[in-house]
Amino acid sequence: MKEFKMFINPADRRSRISPEIYGHFSEHLGRCIYGGIYVGEDSDIPNVRGIRSDIVEAFREIRVPVLRWPGGCFADEYHWKDGIGPKKDRKKLVNTNWGGVTEDNSFGTHEFLDLCEQVGCEPYIAGNLGSGTVEELSQWVEYMTFDGVSPMADLRRENGRDKPWRVKYLGVGNENWGCGGNMCPQFYANEYKRYQSFCHNFSGNELFKVACGPSGGDYNWTETLMNSLKPQHVQAISLHYYTIPHDWEHKGSAVHFTEEDYYETLAKTLPIDEVITRHCEIMNRQDPEKQIALFVDEWGCWYDVEEGTNPGFLYQQNTMRDAIVAALYLNIFNMHSDRVRMANIAQVVNVLQAVILTDGEKLVKTPTFHVFDLFKEHQGAELIYSHLENVMMEESALPMLSYSTSEKDGRILTTVANCSLKEEAKLLLSVADRPVKAASARILTGEVHAHNDFDHAEDVVIRTLPVELAEGRICVTLPPCSVAEIMTD
Ligand code: AHR
């Protein structure tokens, strides 16, 4: 067993952890929307206006703060007018990006914004710059947010919604360096300026406009955007970063992997820290006051699809390996919360590193879901200084622990992952000038391949972790492959 002494200083306050760091992403891809979130009003699965009630309940349990929609690459070909009005009249189209299946547009703007209202989360609309027009995007904003008399507001009323919605987050394009039009950064920056000029703030609704940022370590993209765009044009730049073990052609199975694959997966995740740091350095040069945020609006593990499933549906299982990876990402985002003010795991249901899997009426919460549960009290808290002498694991030259600490309403929360598959970690936490009198902890742990499925939905669940208090310090023992939440009372 390795022993770690963690020192926490609540007086050393760093930055607010924006709740949106715990955001999610939902795309018209595979069974994310259809079957996963939306089953239609006539379904036997309990629903409210077609939206699964168990999904809404699960989203509320982890306090989903924001949901990005309708894509992804799907957004680059989405024409919002296809998804409004009587369902029988909505266009049936081919989903060219994801499996070539029929998109019947039964889930559109009204249904998405209804979902957000049922969950109590912010909508984040990904607008189509790749193949849509300026007018189309401008009209979408007017349709959703204008309270007065206008062609779009009148159309919304005709479709059954009198009052406008409040829509804060608007993405102006998605992956425009790739599926969103294969643009070079300067061309995109010019297009971005044109599109955003016609997205207006109506009826007290203030848009927070997000420009398509880089893929991983494409620093030139960020540099070009930062040289071209001013804070009055853009409130955030997005970043996409996926953990792909091996390479694109051989990503490997989500469940059947070796210990070597596990450590490789962590090794492919940890560089997100440096990638964010370097993008932030570029942003700091043009925007030292940090007016423009960095949104990591797609992140997560990407493996081969489960055998026998449609390759275009990106359906994968989720194990304790994913729980550890999620903890690494979320602790890193917390540490960068001065600039990183939103992150959206890809994706929320049935796609990639999903927090929820469904099969007909059955619903399973994955280990990654439970990590979001363990971390949820960071939402809106203040990141505070915490430090421990980390060690490298013997099995691989990677740090054994990942951690971050925040304070909210006088309570201090530390989230920590023990990444080792071999060794326990004894953690002694002390808080400057504040002997700890009471504390509690919860833990998620299991063999690294452990996962939940439709016959064993509770193989991996959160349990209480015993806490000892001695001389004002907290002492906990973290088993190998575990993620914990330690809270002072
Ligand atoms: O999340 C799946 C896809 O990954 C998204 O559609 C796209 O934006 C990214 O390449």
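The values are calculated or read from the model by the stated rules, or taken from the named source; none is laboratory data. Values in this document were obtained by computation on a predicted structure and should not be read as measured data. All Cβ positions, glycine included, derive from the backbone under ideal geometry; neighbour counts span all protein chains shown.
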Can you name the residue in region 279-315 that is more than 29 Å from ALA211 (Cα to Cα) and not hydrophobic (A, V, I, L, M, F, W, C) and, of all such residues, is surrounded by the most Cβ atoms within 10 Å (Cβ to Cβ)? ASP304
Using the structure shown, decide if CYS121 is within 16 Å of the ligand (Cβ to nearest atom) and among the hydrophobic types (A, V, I, L, M, F, W, C). no
Got a sec? Which helices (runs of 4 or more DSSP H) wholly within region 114-216 have at least 3 residues that are within 19 Å of LYS81 (Cβ to Cβ) and at pLDDT 95 or above? 134-145, 151-158
Given (1) without any contact (Cβ under 8 Å) to a residue 60 or more places away in the chain; (2) within 28 Å of the chain's Cα centre (by Cα), GLU394 misses just (2)
Tally up the residues in region 70-99 that are surrounded by fewer than 21 Cβ atoms within 10 Å (Cβ to Cβ), away from the ligand (no atom under 15 Å from the Cβ) and outside any helix (DSSP H, G or I), please. 8
Residue that is nearest to the ligand (Cβ to nearest atom) [pool: residues in region 1-30 that are over 14 Å from the mean Cα position of the chain (by Cα) and under 27 Å from PHE74 (Cα atoms)]: LEU29
Pairs needed: first member in region 25-50, within 14 Å of PRO70 (Cα to Cα); second member anywhere, among the aromatic types (Phe, Trp, Tyr); C-beta distance under 6 Å; at least 6 residues apart or different chains. SER26/TRP69; GLU27/PHE74; HIS28/PHE74; LEU29/TRP98; GLY30/PHE313; GLY30/TYR315; ILE33/PHE107; TYR38/PHE107
Tally up the residues in region 377-394 that are hydrophobic (A, V, I, L, M, F, W, C), closer than 29 Å to GLU264 by Cβ and not in a loop (DSSP other than H, G, I, E, B), please. 1
Residues satisfying the stated conditions in region 447-489, i.e. of a type in the set (Asp, Glu) and in contact with a Lys or Arg (Cβ under 6 Å, 6 or more places away or on another chain): GLU485
Sort out which residues of region 274-317 are assigned to a loop (DSSP other than H, G, I, E, B), within 16 Å of the ligand (Cβ to nearest atom) and at positive phi, and write them in order of number. LEU314
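Is it true that some residue in region 230-237 is over 27 Å from the mean Cα position of the chain (by Cα), surrounded by 19 or more Cβ atoms within 10 Å (Cβ to Cβ) and either assigned to a helix (DSSP H, G or I) or of a type in the set (A, V, I, L, M) (or both)?
Within region 230-237 (the criterion being over 27 Å from the mean Cα position of the chain (by Cα), surrounded by 19 or more Cβ atoms within 10 Å (Cβ to Cβ) and either assigned to a helix (DSSP H, G or I) or of a type in the set (A, V, I, L, M) (or both)), the answer is no, since none of the residues qualifies.
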With the structure loaded, tell me whether TYR263 is in contact with a helix residue (DSSP H, G or I) (Cβ under 8 Å, 6 or more places away or on another chain) and either under 15 Å from GLY300 (Cα atoms) or in a helix (DSSP H, G or I) (or both) or whether it fails that test. no
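Looking only at residues in region 347-363 that are in a strand (DSSP E or B) and more than 12 Å from the chain's Cα centre (by Cα), which one is farthest from the ligand (Cβ to nearest atom)?
This residue is LYS362.
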